[in-house]
1. In nm, to one decimal, how far is the Asn77 label point from the Glu89 one, both placed 7 Å along Cα→Cβ?
2. Roughly to the nearest percent, how much of the accessible area of segment 1-121 is carbon and sulfur, given a 1.4 Å probe?
3. Quick check: pseudo-label points 7 Å beyond the Cα along Cα→Cβ at Leu144 and Glu15, how many nm apart are they?
4. Which of Ala175, Gly22, Gly114 sits farthest toward the positive end of the charge dipole of the chain, with +1 on the Cβ of Lys and Arg and -1 on the Cβ of Asp and Glu?
5. Would you mind getting the accessible area per residue of the chain, heavy atoms of the protein chains only, 1.4 Å probe, in Å²?
6. Could you size up the charge dipole of the chain around its Cα centre, putting +1 on the beta carbon of Lys and Arg and -1 on that of Asp and Glu, and report it in debye to the nearest 20?
7. Taking springs between alpha-carbon atoms closer than 10 angstrom, which of Ile155, Ile90, Ile117 fluctuates most in the Gaussian network model of the chain?
8. With the cut-off at 22 Å, report for segment 61-171 the share of all Cα pairs above it, as a whole percent.
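The values are calculated or read from the model by the stated rules, or taken from the named source; none is laboratory data. Remember, it's a predicted structure, so these values are computed and weren't measured experimentally. No Cβ is skipped: glycine too gets one built from the backbone with ideal geometry, and neighbour counts run over all protein chains shown. In case anyone asks, the SASA skips ligands and DNA or RNA and just uses the protein heavy atoms, side chains included. Shrake-Rupley method; radii C 1.70, N 1.55, O 1.52, S 1.80 Å.
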Amino acid sequence: MTVTVSERPEIAISEDAEICRGDEIQISASSEVPFEWIDLGTAADQTVSPSETEEYIAVATNEAGCETEESVIITVNPVPQAQAGEDIEICIGESVDLTASGGDTYQWTNFDEGETITVSPETQTTYEVSVQNEYGCTDTDELLVEVNPLPAIEITENTSICLGETTIISASSDAEIEWLGLGLEDAFSVAPSQ
């Protein structure tokens, strides 16, 4: 009786790799004999997008029925949750600090890298920040800075009175009016002593 010993086939496979959750990656295998990816099929190149770390196995089988398995592990890293902050309103001419959170490094569009930026837009503006974590995974968020115009106000013209006399001073505006030291009325009778 003759016992024939067949060598196991060789199969080459992609190296282990890391991706960010939600991304996809191509894994490849090659062999001189027929092979297949378990649960994936017989195509040499496979595009996968696992939601968690997963091992993919390719099996090559020669004419003698001998098999060789090789595997590649795709590690899935978490994606940061970028937070640009709540939308905000300012008056024209004002500045405001915008502070992002949720990651390790921050890049605001059109600004230097940094967690906090100071802005003073003249019109309604949307600011976007890209947040990156320790794995190099990124997420983006944005906020709106709404710029309100300054209210218009008309006030009594300068006038002259004699000592002991009174005069009426008044102002008008679509916004609330407050005379400093006098109150919230639109008009007051005053008798300045100097």
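1. About 4.2 nm separates the two model spin labels.
2. Values: 3300 of 7860 Å².
Carbon and sulfur atoms account for 42 percent of the accessible area of segment 1-121.
3. 4.7
4. Farthest towards the positive pole: Ala175.
5. Working: 13380 Å² over 194 residues.
With the other protein chains kept in place, the chain gives 69 Å² per residue.
6. Values: 2 positive and 42 negative charges, 59 e Å.
Taking the Cα centre of the chain as origin, the dipole is about 280 debye.
7. Ile155
8. Working: 3641 of 6105 pairs.
In whole percent, the share of Cα-Cα pairs in segment 61-171 beyond 22 Å is 60.
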